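Okay, so here's the structure we're looking at.
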Amino acid sequence: MSIGSYQISKLEIVISLISMIVGVGVLTLPRALANTVGTPDGWISLLIGAAINMFLVYLIVRLQRNYPGMSLIKFISNNVFGKYLSKALALLFIFYFIFLLGYEARVLTIIIRIYLLDRTPSEVTAALIFLATTYAVTKGIQGIVHLNLLFFPIIVVVLVGLASFTIPQAEFDVLLPIAADGIRPILMGVTDTLLAFLGIEILFFFLPYVTSKDLKANFFNMSIAFLTFLYMTIVVLCYAVLSFEATAINAFPLVELAKEVEIIEGLIERVEPLLITIWIMSIFNTMAMIHFLAAKIIKEEFFTKTRFSTIAIWIVFFGVFVTFGPNSIQETFTFGDYTAYFGFSLTILSLFFGYIFVWLKKKNSQQTKSEAI
């Protein structure tokens, strides 16, 4: 039986996972790959990174089958050796989610300041988005999932439309020759692709709401497959339309790609405001899930008697400090990289401890049966 009174379907999990991952990465990945790989072979790095993330999703789903209806932190805390470890793991996730929340908000303020509202103070933009996420968080997981379902089709339609209108301008010869500098640069780019898929850690907290019969990794990996296709399309089009060199120096290549769109022979030329508006919807979904999970962990593990809305407000207080910690775009990207490394390491660490405690549970169960005999 899943925790709470609300159950999430497989499709809702897939859409929520896509909504979580498609945040800042969709805007910055082409530049990151261009700089790290140094050749237009970043799309190959994407394929390798996607395969690794699919394997991680498989491990998370398989782990969840051992304690259906229960989060990893709660499962570990039920073991006599895991009470303090579960608290430490909970703290790490709280810090990670607050750092990630602040990073997403910071990039949002930068984008809006550059491309939309150049005279609006960043503090005002951050306050509005935090106010919106706090309201969304108070609606619980059901409200968060329904927001994902509402915005997902709109985001997909706009991105597909953007790709369709830029394909005629693409010069795909820039992608050739493939692997001209060997396999080493491609492997170096895998790190960026692993971090671009960061967000799969929400499965540790969303899968308890899924029924046991729906815990199938192949279905959840559809989200990774979809994102791989989306990321590859964006990366290839940025290289083929903007040129590889231009992609490497643009902070947000996808926005620059949108500037190249012309609909009906120049009748509609300013498409980037529409793209940014849609992206704000995407980043709102991501931030709402992050905000919700941070508040959920704090309430369940540390302040069980405190109102959920109060915890959500306190998270905003700390999130604002994180948001305005970096003083420049470069510092923001560096902070984002460190946060992503933290999140990826935390995912691996959680899997490690999860399987260790599953093994201990099975060992204790076998020992109990032997003593009974």
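Would you be so kind as to identify which of VAL174, ILE234, SER223 lies farthest towards the positive end of the dipole of segment 164-238, taking Lys and Arg as +1 and Asp and Glu as -1 on Cβ and the Cα centre as origin?
SER223
Could you give me the radius of gyration and the Dmax of segment 232-318, taking only the C-alpha atoms into account and expressing both in angstrom?
20.0, 61
Quick one: Cα convex hull volume of segment 135-189, Å³ per residue?
Hull volume over Cα atoms, normalised by residue count, gives 143 Å³.
Checking a compactness column here: for segment 7-66, what do you get for Rg(Cα) / (2.2 N^0.38 Å), N being the number of residues?
1.41
In square angstrom, what is the accessible area per residue of the chain with a 1.4 angstrom probe?
Using a 1.4 Å probe on heavy atoms only, each residue of the chain averages 45 Å².
Expressed as a whole percentage, what fraction of the accessible surface of segment 166-290 belongs to carbon and sulfur atoms when a 1.4 Å probe is rolled over the protein heavy atoms?
62
Taking 0.36 nm per intervening residue step and subtracting the Cα-Cα distance, what contour gain separates THR138 from LEU274 on full extension?
In short, 46.1 nm is gained.
Applying a 10 Å radius around every beta-carbon, put 34-40, 340-346 in order of their mean neighbour count, most first.
34-40, 340-346
Can you tell me, using C-alpha contacts under 8 Å and at least 6 residues apart, the relative contact order of the chain as a whole percent?
38
Using only C-alpha atoms and all pairs of different ones, pull out the Kirkwood radius for segment 155-231 in Å with one decimal.
For segment 155-231, the Kirkwood estimate is 16.0 Å.
About its Cα centre, how strong a charge dipole does the chain have in debye, to the nearest 20, once Lys and Arg get +1 and Asp and Glu get -1 at the Cβ?
Approximately 2200 debye in magnitude.
Report, ordered by chain and residue number, the aspartates and glutamates lying within cross-link reach of LYS259, taken as a straight Cα distance under 16 Å and ignoring same-chain residues fewer than 8 apart.
Leaving aside aspartates and glutamates fewer than 8 places away in the same chain, those within reach of LYS259 are GLU269, GLU272.
What helices in the chain pass both tests, a Cα length along the helix axis of 20 Å or more and a mean Kyte hydropathy of -1.0 or higher, using whole DSSP H runs?
Span-like helices here: 42-64, 83-115, 122-137, 140-166, 217-237, 272-301, 308-323, 329-372.
Rounded to the nearest 500, what is the 222 nm mean residue ellipticity of the chain from helices alone, with -39500 (n - 2.57) per DSSP H run of 4+ residues and division by all residues?
Dividing the helical sum by the residues of the chain leaves -24500 deg cm²/dmol.
Can you give the charge dipole size of segment 1-145 about its Cα centre, rounded to the nearest 20 debye, using +1 on the beta carbon of Lys and Arg and -1 on the beta carbon of Asp and Glu?
The dipole magnitude comes to about 420 debye.
Can you compute the FRET efficiency between LEU149 and ARG65 using 1/(1 + (r/R0)^6), with r the Cβ-Cβ distance and R0 = 22 Å? Round to the nearest 0.05.
0.30
Just TYR355, TYR115, TYR135 to compare: in a GNM of the chain, with alpha carbon springs under 10 Å, which one fluctuates most?
Comparing TYR355, TYR115, TYR135 in the GNM, the peak value goes to TYR115.
For a quick check of your reading of the filter: which trypsin sites (Lys or Arg not before Pro) in segment 111-161 sit in a DSSP loop and have no more than 16 other Cβ atoms within 10 Å?
ARG119, LYS139
Could you give the size of the charge dipole of segment 68-202 about its Cα centre, using +1 on the Cβ of each K and R and -1 on the Cβ of each D and E, expressed in debye and rounded to the nearest 20?
720
Which one of ILE249, ILE329, ILE114 has the biggest mean-square fluctuation once the chain is modelled by GNM with Cα springs under 10 Å?
Result for the chain, Cα springs under 10 Å: ILE114 fluctuates most.
Subtract the Cα-Cα distance of LEU128 and TRP314 from 0.36 nm times their separation in residues, and report this length gain in nm to one decimal.
Net length gain for the segment: 65.4 nm.
Normalised by the number of residues in segment 1-101, what is the relative contact order in percent for Cα pairs under 8 Å and 6+ residues apart?
24
Would you kindly calculate the translational diffusion coefficient of segment 268-360, applying Stokes-Einstein with the Kirkwood radius from alpha carbon pairs, for 25 °C and a viscosity of 0.890 mPa s, and quote it in µm² s⁻¹ without decimals?
Translational D for this selection: 150 µm²/s.
Calculate I(q)/I(0) for segment 79-155 by the Debye formula, one identical point scatterer on each C-alpha and no solvent, and give its log10 at q = 0.15, 0.21, 0.22 Å⁻¹ to two decimals.
Scattering profile of segment 79-155, log10 relative to I(0): -0.75, -1.07, -1.10.
Reachable lysines from LYS296, Cα under 30 Å, same-chain residues fewer than 8 places away excluded?
Partners within reach: LYS10, LYS74, LYS83, LYS87, LYS139, LYS213, LYS216, LYS305, LYS361, LYS362.
Express the Stokes-Einstein translational diffusion coefficient of the chain in µm² s⁻¹, to the nearest whole number, given a Kirkwood radius over alpha-carbon pairs, 20 °C and a viscosity of 1.002 mPa s.
The calculation lands on 99 µm²/s.
If you average 1/r over every pair of different alpha-carbon atoms in segment 1-155 and take one over that average, what Kirkwood value in Å do you get?
18.8
How large are Rg and Dmax for segment 32-71 when calculated on the C-alpha trace, in angstrom?
For segment 32-71, the Cα-based Rg and Dmax read 15.7, 46 Å.
The values are calculated or read from the model by the stated rules, or taken from the named source; none is laboratory data. Because the structure is a prediction, the values reported are computed rather than measured. Positions of Cβ are generated from backbone atoms using ideal geometry, with glycine treated the same way; all protein chains shown enter the neighbour counts. With ligands, DNA and RNA removed, areas are computed over all heavy atoms of the protein, side chains included. Shrake-Rupley method; radii C 1.70, N 1.55, O 1.52, S 1.80 Å.
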